[in-house]
Amino acid sequence: MAKHDFGGLFEKYPSIIAQMPEAFDSHEFILRLAHQNQVLYVEALYSYRDSVHRGEPTPFRVVHQILAQHLNACPDLVRRAGHTYSNHTFGQREGCAQWKKV
């Protein structure tokens, strides 16, 4: 059973994708989604506050992974266009998916 219902955030995908440039990466998308939907985003993070990976707390990692993977459920709006590296929420450079609008 999922710890959180992401439906409220997933409903925002079409409007956020419409605001994105023709090509964008998962980090850029998540940042815009979180900024424009702060309460829903914080609620998701709170649901995963006890998530741990290798002894470190990872609520951001878990939530961001779920949010990024859900872009695959929007084939009428975006398609995966490879892999890239960019700065994530905490400013660290990390790999992520690159997307193109359909």
Amide H to amide H, which residues 5 or more places from Thr58 or on other chains are under 5 Å from it, using H placed in the peptide plane? Ser51, Val52, His53
Only one of the listed values, (i) 38, 28, 24; (ii) 48, 33, 18; (iii) 54, 33, 15, was derived from the coordinates as Cα extents along the principal axes in Å; which label is it? (i)
Rounding to the nearest 10 and keeping the result within 0 to 90°, find how far the Cα-based axis of helix 26-36 lies from the longest principal axis of the chain. 70 degrees
Projected convex hull area of segment 52-102, Cα atoms, direction-averaged, in nm², equals 4.0 nm²
Using the Karplus equation 6.51 cos²θ - 1.76 cosθ + 1.60 (θ = phi - 60°), what ³J(HN,Hα) coupling, rounded to whole Hz, does each residue of segment 87-102 give in order, writing x for Gly and Pro? 7, 8, 3, 9, x, 8, 7, 8, x, 7, 6, 9, 10, 10, 5, 8
With charges only on Cβ, +1 for K and R and -1 for D and E, what is the dipole size of segment 7-101 about its Cα centre, in debye, rounded to 20? 160 debye
Check the straight Cα-Cα distances from Lys12 and name the aspartates and glutamates below 19 Å, setting aside those fewer than 8 residues away within the same chain. Glu22, Asp25, Glu28, Glu43, Asp76
Would you mind checking which residues have amide H under 5 Å from Asp25's amide H? H placed 1.01 Å from N; only 5 or more apart, or other chain. Trp99
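None of the figures in this text is laboratory data; all of them are computed from the coordinates on show. In this text the structure is predicted, and so the values were computed from the model without any measurement. Quick reminder, even Gly has a Cβ in these numbers, built from the backbone with ideal geometry, and neighbours come from all protein chains shown.
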